[in-house]
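> Below you'll find the structure I mean.
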Amino acid sequence: MARKKAADRVRELYRNSDSPTRWQWKSINQQGYEFANDNQLSKVEKIDLEEQGMPTFTINRISPVVEMLNYYATANNPRWQAIGTEGSDSDVAAVFSDLADYVWHLSDGDTVYSNVINNCITKSIGYMLVDIDADMDDGMGEIIIKQPEPFDLYVDPKSRDILFRDAAYILVRKVLPKSHLLSIYPEYASKIKKASSEHMAYDSASERVMDDEQHDFYHDDQDILSVDPKEGKEDVVQEYFELYEKVKVPFVNVFYRMTPDKKQMRQIQKQVDIKIQEMTAELQVQLAEQQKQLQAAVESGEMLPERMELEMQKSQKQAEEQIQVFQQEYMSKLQAEISRVENQVVSEKEFKIMQEDKAFAEMIVDAVKFYANRIKQTCVIGDTLIYERVFPEVVKDYPIIPFHFKWTGTPYPMSAVSPLVGKQREINKSHQIMVHNASLGSSLRWLYEEGSLDTEVWSQYSSSPGALLPVRPGSERPTPVMPAPLSNAFFTMVQEGKADMEYLAGIYASMQGDTQQQHETFRGMLALDEYGTRRVKQWMKHSIEPALRQVGRVVMQMCQATYTANKRFRIIQPNALQEEREQEINIPIYNDMGQAIGKSMDLQSMKADVRVVAGSTLPVNRWAYLAELKELLQFGVVDDIAVLAETDIRNKEQIAKRKSVYSQLQSQVQSMEEALKDREGTIETLERQLVQAGIKGKVMQAEMEITKAKEGAKTELKKQSVESEGKHKLLQNVMQNEVNTKSKELQMAVNAAKKDLQSSDKK
């Protein structure tokens, strides 16, 4: 009964979301999708044109717009980056970028992304579904990105968030053959076979005819017979529902104290015993001092012996009580210091089981009840509930992410194609009229008198050059009916219609390679390309990148929920000219006994914020980018390998390898040349040293000779000085002797003169 109620609830949500507003939105965008795929004339329009003799061709001006918008949005693959909220999360967060690339490659992300953007442009919205394939990797499971059909999704009409994060539910409805459902869910084969399809309504984009005039040729229509591929017989189709909703799940944050074990208790008791011994010794000293004081009081008569005995008993008792209280308090303090309070979030059911354990219940310090948002998935086929499951706690967002072209604040956005439908009709009509008028001018119509000519001959040969057309005698000649001159307004309308479509779409002829619209100079072309792509960049920045960022977050959440075991994955980055490399997560840590005690690179416990690498998805002018790289190469900012990686040269990996080998050889040659130069420099240095040594020796020899000469000169001078001094003394002696002799002679002369004077006086 409960299963039936659950199935009925899902069907009721489907009926609630399949409103007239959604019908109108779907009809408009379905028409735009048809026009983009050159299905621009309804069955009635084709019949009317054929009856009027007018052409039924169309000039599809929408398809190039879709292709260019898709190119600009998917020219570069998105890149994600995880930033750890804590320092311990930084290492494993750095690996997430490679893990996201791994999931993208595994899911053929380029194709999925291109199809999603195409749906976004033509149908106003595209979706990515991040799912878990439990059968991949030998049952370990892999994360896969899928592309749901937009018209198969039904979103809560009350949602007002651009990413539908506030939606109460997101519902996927398909109509599929039972054999296909059995291949998807073989484990639920009995339930699928019992499911009824009596109340099925054919209003799914997967199965129904859109209207009486125009069909959605992209999908299988209802009138196409479903055949069981195993039995080759007609197969029964079933309604298939996948409901994703946010539910409030009760949880309890349990805080509990971890008591010390026996070993820790023995250590605590040992510390307490040491403290008690120290305290007992101190109290015994105090008691002895008190007893001494009381004994002195008794001896002096100030106190009776009975009072002394009573006071000592009282002090002894107080000391024992003090020791006991201290023991209890110190024991509790040490236990509290060693004990730690931990918390664990458990379900309400698990908490009740914990409370039944008395030992654990005594350790509970506090318990906080709260409600958390969880993603619940419900699968219904026909009127039967297949399964219900709640995603792991780490998955907090819907695994379905919308990509809008122009968000309207509701689950019903606007496409890039729908505003172009009117102009496309105008262009088609103008061309049809012009071609029809030209056809009438080349194949004239005739007014003739009935019975005046052979109509079969005239019908066959009236437009043949040089034909002779018979006319019955006496009858009036046939008169050609000339078509009215076509107004120039039609030609103007066509040209203005093309310009209007370019203006509405933001995709101009120059952006599509029209040489007539190109600028004369290269920088002028770059400027025109920059200005022309601003609207595209605005759309990508404010619509596509937020959706991609949400995809990265959901991928991380799904990876944390799925990749819980040790996993090694390979990353290939051909654009970076790198060999494939391996990354490893959830690496077990073992103790000396070989027991796993923890994990390194633990993805499950990582807390990080995911963002799209800025500008990774924005369109880039490759010629301008390569020109910029060449300038950076000249300045030495990048090397030639980095420039080669961004080019489209064939076999660039082999070129890079050869370049690498050549660089290595060149480096070796340079090293050898440098070594040779060093040796040559060493030889030159040695030669200079030898020369210098020779010069120094000669200088020293010269200095020795000069010193010797100086010493010889000094000796000679000294000798000469001695000789000169001796000669000088000898000369002095000679002169002194001569002076003495002369003095004596003079004195003798003076004496003789005195004698003569005396003699003369006597006389």
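The values are calculated or read from the model by the stated rules, or taken from the named source; none is laboratory data. On a predicted model such as this, the values are computed, not experimentally measured, just so you know. Reconstructed Cβ throughout: ideal geometry from the backbone, glycine too, with neighbour counts over all protein chains shown.
> What tally of residues in the range 43-93 results from selecting those that are more than 15 Å from the chain's Cα centre (by Cα) and within 29 Å of V536 (Cβ to Cβ)?
So the count comes out to 18.
> If you don't mind, another one. Has the range 212-235 got at least one residue that is closer than 29 Å to R9 by Cβ, touching an Asp or Glu at 6+ places or on another chain (Cβ under 8 Å) and modelled with pLDDT of 65 or more?
yes
> Looking at the range 74-93 only, could you name the residues that are assigned to a helix (DSSP H, G or I), closer than 20 Å to F403 by Cβ and touching a strand residue (DSSP E or B) at 6+ places or on another chain (Cβ under 9 Å)?
Passing the criteria: none in range.
> From the residues in the range 356-398 that are among the aliphatic types (A, V, I, L, M) and without any contact (Cβ under 8 Å) to a residue 24 or more places away in the chain, which one is surrounded by the fewest Cβ atoms within 10 Å (Cβ to Cβ)?
Looking only at the range 356-398, we keep the residues that are among the aliphatic types (A, V, I, L, M), and these are 359, 361, 363-365, 367-368, 372, 375, 380-381, 385-386, 390, 394-395.
Now restrict to residues that are without any contact (Cβ under 8 Å) to a residue 24 or more places away in the chain: 359, 361.
Numbers: A359: 7, A361: 11.
Checked the range 356-398; the qualifying residue surrounded by the fewest Cβ atoms within 10 Å (Cβ to Cβ) is A359.
Quick grid of which residues meet (1) surrounded by 12 or more Cβ atoms within 10 Å (Cβ to Cβ); (2) of a type in the set (A, V, I, L, M):
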residue	(1), (2)
R266	no, no
I274	no, yes
V285	no, yes
A288	no, yes
K292	no, no
A297	yes, yes
E302	no, no
E306	no, no
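> Could you list, in sequence order, the residues of the range 55-75 that are among the aliphatic types (A, V, I, L, M) and surrounded by 17 or more Cβ atoms within 10 Å (Cβ to Cβ)?
Residues of the range 55-75 that are among the aliphatic types (A, V, I, L, M), as a first pass: 59, 62, 65-66, 68-69, 73, 75.
The answer is I62, V65, V66, M68, L69, A73.
> Checking S179 against (1) over 22 Å from Y240 (Cβ atoms); (2) among the hydroxyl-bearing types (S, T, Y); (3) without any contact (Cβ under 8 Å) to a residue 60 or more places away in the chain, only one condition comes out false. Which one?
Here S179 meets the rest and fails (1).
> Across the range 94-131, which residue is farthest from the chain's Cα centre (by Cα) among those that are in a strand (DSSP E or B) and among the β-branched types (V, I, T)?
Checking each candidate, the answer is I125.
> Taking the conditions exactly as written (among the polar types (S, T, N, Q), within 28 Å of K26 (Cα to Cα) and exposed (fewer than 15 other Cβ atoms within 10 Å of the Cβ)), does T408 satisfy them or not?
It is true that T408 is among the polar types (S, T, N, Q), within 28 Å of K26 (Cα to Cα) and exposed (fewer than 15 other Cβ atoms within 10 Å of the Cβ).
> Another question, if that's okay. Here are the criteria: (1) part of a strand (DSSP E or B); (2) within 28 Å of G32 (Cα to Cα). Tell me which single one P419 does not satisfy.
(1)
> A further question follows. Taking into account only those residues within the range 12-44 that are among the aromatic types (F, W, Y) and closer than 17 Å to R173 by Cβ, which is surrounded by the most Cβ atoms within 10 Å (Cβ to Cβ)?
The first filter runs over the range 12-44 and keeps only residues among the aromatic types (F, W, Y), leaving 14, 23, 25, 33, 35.
Restricting the remaining residues to those that are closer than 17 Å to R173 by Cβ gives 14, 23, 25.
Values: Y14: 21, W23: 11, W25: 23.
Ranking the qualifying residues of the range 12-44, first place goes to W25.
> If a residue counts only when it is of a type in the set (D, E, K, R) and at pLDDT 90 or above, which strands (runs of 3 or more DSSP E) contained entirely in the range 309-392 have at least 1 such residues?
Ranges flagged: 364-381, 384-390.
> With (1) closer than 25 Å to Y113 by Cβ; (2) in contact with a strand residue (DSSP E or B) (Cβ under 6 Å, 6 or more places away or on another chain); (3) assigned to a strand (DSSP E or B) as the list, and A167 as the residue in question, which single condition is left unmet?
Of (1) closer than 25 Å to Y113 by Cβ; (2) in contact with a strand residue (DSSP E or B) (Cβ under 6 Å, 6 or more places away or on another chain); (3) assigned to a strand (DSSP E or B), only one is false for A167: (3).
> Cβ contacts < 7 Å: first residue under 22 Å from L420 (Cβ atoms), restricted to the range 39-60; second residue of a type in the set (F, W, Y), any location; separation 6+ or different chain. Result?
Matching pairs, first to second residue: N39/F217.
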